[in-house]
Amino acid sequence: MARIMDGKKLSGKIKEKVKQDVEALHAYGVDVGLGLMLAGNDPASKEYLKATLAACAKVGIKTFEYSHPETVSVNEIINTVKSINIDERINGLLVLLPLPGRINPRHVVNEIISEKDVDGLGSLSVGKLAADESTFQIFKTGDYDSLYTHDSKSSVPSFLPCTPFGVIRLLEDSTIDIKGKHAVVIGKSLAVGKPLSLMLLAKEATVTVCHKATADLAYFTRQADIICTATGIRGLITADMVKDGAVVVDIGINVLKDGSIVGDVDFDSVSGKASFITPVPGGVGPVTIAILLENTVRSAQNNQSVKHPLVRG
Ligand SMILES: NC(=O)c1ccc[n+]([C@@H]2O[C@H](COP(=O)([O-])OP(=O)(O)OC[C@H]3O[C@@H](n4cnc5c(N)ncnc54)[C@H](OP(=O)(O)O)[C@@H]3O)[C@@H](O)[C@H]2O)c1
């Protein structure tokens, strides 16, 4: 029976450190602020917003909500982003996706200045990860407490996308070796699959990326030491597609009619074969939020260290 990779526990540890860092900044009279922008009525985004607001309140991060109707124009959205970029109270901005269909999310995310792109989805952040210029590549050993403190003065700061980085942190928290392993990532989105494949590569896994056009998904998953699935297709990964002892990370979120949540993996059958598995809910989701808070407090620390170099310990 697979061991559970406990996202709630890891998220609790990360948030405890964030709380201490927020308190340390408070001692210097500095508040930490996160902006959250929602456009439209996507139910999953609303749930994520609610959970993020609650998590911020627990660690002492102030929140600034910007809600737009489904009919919002691109100009209004861009103006909101621009006002947040220059708002000294706000250290990071999360744009909840999806945006209404008429609005190109890349256009919006790329308007966020990289210092406040705490979701790490802007071209500069993604480009730095792809070009091996992100601090992530430097810290192959998992020394994440000092992750953002090294390059902030020498180059433009950037942040790692929260969900894929959460997957790496979960793997490391369970002391799972990544180096030299065959990792199969299912999904190639800009927010999850693609950056996750880059991170696994930086950790020296052999990486295969599968997507809708992959002809025989099971052919690849059966070879995997580590399977990371992010499709939003309920029951996509079944026990016959998993090698004995594989590590299975389920990033997918599917909200059922009764309101319950399941992932991409047929948990009951796959957990009989895997060595480690993430539950849904309680796996990658809580870690994603914890990393968003961590990135936000790092942004505040970076900002303060530029203005007042003694503030950061
Ligand atoms: N746990 C968390 O914190 C968290 C955070 C973000 C997202 N999520 C969840 O993760 C899932 C993916 O999110 P996303 O933003 O990456 O979604 P997305 O942009 O819709 O991407 C889905 C990806 O899955 C691929 N795909 C779809 N059907 C497939 C199939 N039958 N076989 C193989 N690949 C298939 C797509 O391939 P193509 O590119 O070829 O279309 C695409 O790359 C969703 O369920 C989302 O709710 C969870």
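The values are calculated or read from the model by the stated rules, or taken from the named source; none is laboratory data. Not measured: the values here are computed from a predicted model. Don't worry about glycine lacking a Cβ; one is built from the backbone with ideal geometry, like all the others, and counts go over all protein chains shown. Accessible surface areas use protein heavy atoms only, side chains included; no ligands, DNA or RNA. Shrake-Rupley method; radii C 1.70, N 1.55, O 1.52, S 1.80 Å.
Note down all Cβ pairs under 8 Å where the first residue falls in region 187-209 and is outside the structural domain of I251 (by TED's automatic domain parsing), the second is open to solvent by 10 Å² or more (accessible area, probe 1.4 Å), and they're at least six residues apart or on different chains.
Sorted first by the residue in region 187-209, then by its partner, the list stays empty.
How many residues does region 1-24 hold that are touching a strand residue (DSSP E or B) at 6+ places or on another chain (Cβ under 8 Å), of a type in the set (A, V, I, L, M) and open to solvent by 70 Å² or more (accessible area, probe 1.4 Å)?
Within region 1-24, the first condition is being touching a strand residue (DSSP E or B) at 6+ places or on another chain (Cβ under 8 Å), and the residues that meet it are 2-5.
Keeping just the survivors that are of a type in the set (A, V, I, L, M) gives 2, 4-5.
Going one step further and asking which of them are open to solvent by 70 Å² or more (accessible area, probe 1.4 Å), we end up with 4.
Looking only at that region, the number is 1.
Could you tell me which numbered condition Y219 fails, if it satisfies all but one of (1) of a type in the set (S, T, Y); (2) open to solvent by less than 50 Å² (accessible area, probe 1.4 Å); (3) part of a helix (DSSP H, G or I)?
It fails just one condition, (2).
Residues of region 72-103 being open to solvent by 70 Å² or more (accessible area, probe 1.4 Å) and either without any contact (Cβ under 8 Å) to a residue 12 or more places away in the chain or among the small types (G, A, S) (or both), which ones?
Residues satisfying the conditions are N75, E76, N79, I86, E88, G101.
Taking region 236-258 only, how many residues are away from the ligand (no atom under 13 Å from the Cβ) and open to solvent by less than 20 Å² (accessible area, probe 1.4 Å)?
Residues flagged as away from the ligand (no atom under 13 Å from the Cβ) and open to solvent by less than 20 Å² (accessible area, probe 1.4 Å) within region 236-258 amount to 4.
Residues that are buried (at least 16 other Cβ atoms within 10 Å of the Cβ), in contact with a helix residue (DSSP H, G or I) (Cβ under 8 Å, 6 or more places away or on another chain) and at pLDDT below 95: find the helices (runs of 4 or more DSSP H) completely inside region 104-182 holding 3 or more of those. Step through it out loud before you land on a result.
Numbers: elements: 105-109, 123-130, 135-138, 162-173.
Because the criterion is at least 3 residues that are buried (at least 16 other Cβ atoms within 10 Å of the Cβ), in contact with a helix residue (DSSP H, G or I) (Cβ under 8 Å, 6 or more places away or on another chain) and at pLDDT below 95, the helices (runs of 4 or more DSSP H) in region 104-182 that meet it are 123-130.
How many residues, within region 197-214, are part of a loop (DSSP other than H, G, I, E, B), more than 9 Å from the ligand (Cβ to nearest atom) and open to solvent by less than 40 Å² (accessible area, probe 1.4 Å)? If you could, list the steps in order and put the result at the bottom.
Kept after step one, since they are part of a loop (DSSP other than H, G, I, E, B), are these residues of region 197-214: 203-205, 211-214.
Of the ones still in play, those that are also more than 9 Å from the ligand (Cβ to nearest atom) are 203-205.
Applying the additional criterion that residues be open to solvent by less than 40 Å² (accessible area, probe 1.4 Å) yields 203, 205.
Looking only at that region, the number is 2.
Residue check, P279 against (1) closer than 26 Å to P161 by Cβ; (2) not in a loop (DSSP other than H, G, I, E, B), all met but one. Which one?
Failing condition for P279: (2).
Kindly check whether there is at least one residue in region 259-281 that is under 19 Å from A191 (Cβ atoms), modelled with pLDDT of 95 or more, crowded, with 23+ Cβ neighbours inside 10 Å and of a type in the set (A, V, I, L, M, F, W, C).
No, that holds for no residue.
Restricting to region 49-61, what's the tally of residues that are without any contact (Cβ under 8 Å) to a residue 60 or more places away in the chain, surrounded by 15 or more Cβ atoms within 10 Å (Cβ to Cβ) and under 18 Å from T163 (Cβ atoms)?
Selection size over region 49-61: 1.
Residue check: is A215 out of contact with any strand residue (DSSP E or B) (no Cβ under 9 Å at 6 or more places or on another chain) and at pLDDT 95 or above?
Details: out of contact with any strand residue (DSSP E or B) (no Cβ under 9 Å at 6 or more places or on another chain): yes; at pLDDT 95 or above: yes.
So A215 fits the description; yes.
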